[in-house]
Amino acid sequence: MQNSQQQSDELPVTTASTTTKLPKKLSLIPLIFLIYFEVAGGPYGEEPAVQAAGPLYAILGFLIFPFIWSIPEALITAELSTAYPGNGGFVIWADRAFGSFFGSLMGSLKFLSGVINIASFPVLCIDYMEKLWPVLNSGWPRNVAIFVSTLVLSFLNYTGLTIVGYFAVFLGVVSLLPFIIMSGIAIPMIKPHRWISLGQKDVKKDWTLYFNTLFWNLNFWDNVSTLAGEVEKPQKIFPRALFAAVIFTCVSYLIPLVAVIGAVSVDQREWESGFHATAAQLIAGNWLKYWIEFGSVLSAVGLFEAQMSSSAYQLLGMAELGFLPQFFAKRCKRFNTPWIGILLSTLITIGVSYMDFTDIISSANFLYSLGMLLEFASFLWLRRKLPELKRPYKVPMKLPGLIIMCLIPSVFLILIMAVATKVVYLVSGLMFVGAIGWYFLMKLCKSKNWFHFSRSAENVEQS
């Protein structure tokens with residue numbers, strides 16, 4: 001056990017790149033904005049919470065939900081990412097807790113949910129652009145636009161994680177600035193009694209939409225764990241970046257929501273996605289409306305880049321751990337990026353992007369929920385299994401408290417899965433079966449020596 005623990009602490013970070021120039025590491029500020037775009041990307045998309053449940057419940061949701069979901073997930077990510085600072089993130093955690101089968105299953109579930117989620121962002125970009133160019137509304141022009149935008153955004157990811165990180169900083173500033181301006185202009189117009197309104201009596205509350213909106217806007221905190229091997233001094237920087245990103249994200253949601261609800265009196269049913277642009281027009285004029293619409297495109301770009309990075313580096317980490325053939329860990333010589341991971345993620349994203357948008361989001365949420373239940377279990381089991389494991393950051397709670405901390409969001413995850421549609425059950429069920437089949441396919445490939453695999457994971461298990 002002691003040898004296993006020691007080797008677990010010394011996971012390979014750049015095994016596949018020892019013969020190439022090491023990539024430049026991510027520093028604190030770019031990492032904060034990458035985490036921010038993994039999760040949020042701005043207040044875009046929070047509006048349906050008001051439409052579904054009314055102003056008061058919307059405000060309470062974005063005020064309370066981070067404490068029962070975002071903060072626990074961020075704390076778990078901080079502890080396990082600093083204990084196992086290698087590319088692969090949650091794959092490593094499940095593998096160390098329950099073995100290679102669950103490590104592989106975690107990797108498949110999270111990767112599929114990630115690339116399905118990525119597919120929504122080019123679609124969102126085109127949805128906003130079609131307001132300026134109606135020809136993109138349907139048919140081959142829309143399909144070509146989605147295809148080309150996906151390729152262009154993927155190429156940016158290919159140019160390097162450091163570039164993507166600083167680009168995320170730029171996108172974050174430009175996309176958030178109009179909301180800061182709108183909130184400032186709205187202050188004299190605010191009427192506090194609008195904040196405590198439960199909504200219009202003739203509008204039935206849609207709790208499924210409400211909870212899905214909160215979940216959609218405040219999940220994926222653990223995605224950044226797959227970049228741990230690319231971060232400068234991860235044991236020190238990761239907890240700081242996650243702490244700053246949690247505060248940054250929650251504030252960026254709450255302030256515009258509170259400002260617009262207090263300043264604008266409109267029919268509750270108008271609070272659909274994109275309403276912030278309409279509110280900006282009412283509060284300040286067309287110039288701010290156009291800026292917010294432009295910012296929404298930038299936000300979608302940032303979300304795409306951050307989550308594409310996580311998916312690609314997850315595959316690199318899985319190859320370093322022996323879950324995938326070694327060629328997945330190859331980096332391009334010029335930019336030191338995992339080009340095979342980027343290519344595969346791009347191809348799957350293009351294929352999925354032509355699904356119905358609602359089914360895209362629901363399927364991503366379902367697979368992500370399954371992965372998160374396994375992640376919570378891995379976190380708790382590692383605390384019990386390896387209490388002496390070196391943890392540079394440790395959640396300051398004992399096991400009973402940690403169980404309660406994980407139980408509350410787990411109940412919410414089960415609720416999200418319970419309200420899924422038959423189509424989502426079918427798509428997610430097929431992908432789940434495929435994830436299990438993939439594990440046994442990789443075992444067959446190893447036994448037949450069809451591909452070269454890293455032996456690092458096997459060495460740790462055998463020790």
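The values are calculated or read from the model by the stated rules, or taken from the named source; none is laboratory data. The structure displayed is predicted, hence computed values, not measured ones. Here the Cβ is made from the backbone with ideal geometry for all residues, glycine too, and neighbour counts use every protein chain on show. Accessible surface is based on the protein model in full, side chains and every heavy atom, while ligands, DNA and RNA are left aside. Shrake-Rupley method; radii C 1.70, N 1.55, O 1.52, S 1.80 Å.
List of remarks:
- Matching residues in the stretch 157-176 - criterion: being more than 19 Å from ILE32 (Cα to Cα) and either in contact with a helix residue (DSSP H, G or I) (Cβ under 7 Å, 6 or more places away or on another chain) or open to solvent by less than 10 Å² (accessible area, probe 1.4 Å) (or both): TYR158
- 1 or more residues modelled with pLDDT of 90 or more, out of contact with any helix residue (DSSP H, G or I) (no Cβ under 8 Å at 6 or more places or on another chain) and open to solvent by 50 Å² or more (accessible area, probe 1.4 Å): qualifying helices (runs of 4 or more DSSP H) within the stretch 359-463: 399-418, 422-448
- Selection over the stretch 205-238 of residues that are out of contact with any Gly (no Cβ under 9 Å at 6 or more places or on another chain), within 16 Å of PRO43 (Cα to Cα) and of a type in the set (Phe, Trp, Tyr) gives a count of 1.
Residues checked against (1) in a helix (DSSP H, G or I); (2) β-branched (Val, Ile, Thr); (3) open to solvent by 30 Å² or more (accessible area, probe 1.4 Å):
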residue	(1), (2), (3)
SER252	yes, no, no
HIS276	yes, no, no
ALA280	yes, no, no
ALA300	yes, no, no
PHE323	no, no, no
THR337	no, yes, no
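- Sub-7 Å Cβ pairs linking a first residue in the stretch 402-422 that is on the phi < 0 side of the Ramachandran plot to a second residue that is small (Gly, Ala, Ser), at least 6 apart or interchain, are LEU413/SER369; ILE416/SER369; MET417/SER369; ALA420/SER362; THR421/SER362, ordered by first then second residue.
- Odd one out for GLN51, checked against (1) open to solvent by 10 Å² or more (accessible area, probe 1.4 Å); (2) closer than 28 Å to VAL173 by Cβ: (2)
- Check on ILE59, modelled with pLDDT of 85 or more and closer than 24 Å to MET397 by Cβ: no
- Flag if PHE102 is modelled with pLDDT of 90 or more, surrounded by fewer than 23 Cβ atoms within 10 Å (Cβ to Cβ), in contact with a Ser or Thr (Cβ under 9 Å, 6 or more places away or on another chain) and in a helix (DSSP H, G or I): yes
- Evaluation of GLU305 against (1) among the charged types (D, E, K, R); (2) open to solvent by 30 Å² or more (accessible area, probe 1.4 Å); (3) not in a loop (DSSP other than H, G, I, E, B) (one fails), failing number: (2)
- Scan of the stretch 64-88 for residues that are modelled with pLDDT of 90 or more, closer than 15 Å to THR226 by Cβ and not aliphatic (A, V, I, L, M), ordered by number: GLU73, THR77, SER81, THR82, TYR84
- Summed over the stretch 183-204, the residues that are touching a residue at least 60 places away in the same chain (Cβ under 8 Å) and exposed (fewer than 14 other Cβ atoms within 10 Å of the Cβ) give a count of 6.
- Some residue of the stretch 113-133 being in a helix (DSSP H, G or I), over 26 Å from the mean Cα position of the chain (by Cα) and without any contact (Cβ under 8 Å) to a residue 12 or more places away in the chain: no
- Condition met for THR208 (closer than 30 Å to ASN87 by Cα, surrounded by fewer than 19 Cβ atoms within 10 Å (Cβ to Cβ) and modelled with pLDDT under 85): no
Residues checked against (1) charged (D, E, K, R); (2) modelled with pLDDT of 90 or more:
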| residue | (1), (2) |
| --- | --- |
| PHE275 | no, no |
| ASN286 | no, yes |
| GLU293 | yes, no |
| ALA312 | no, yes |
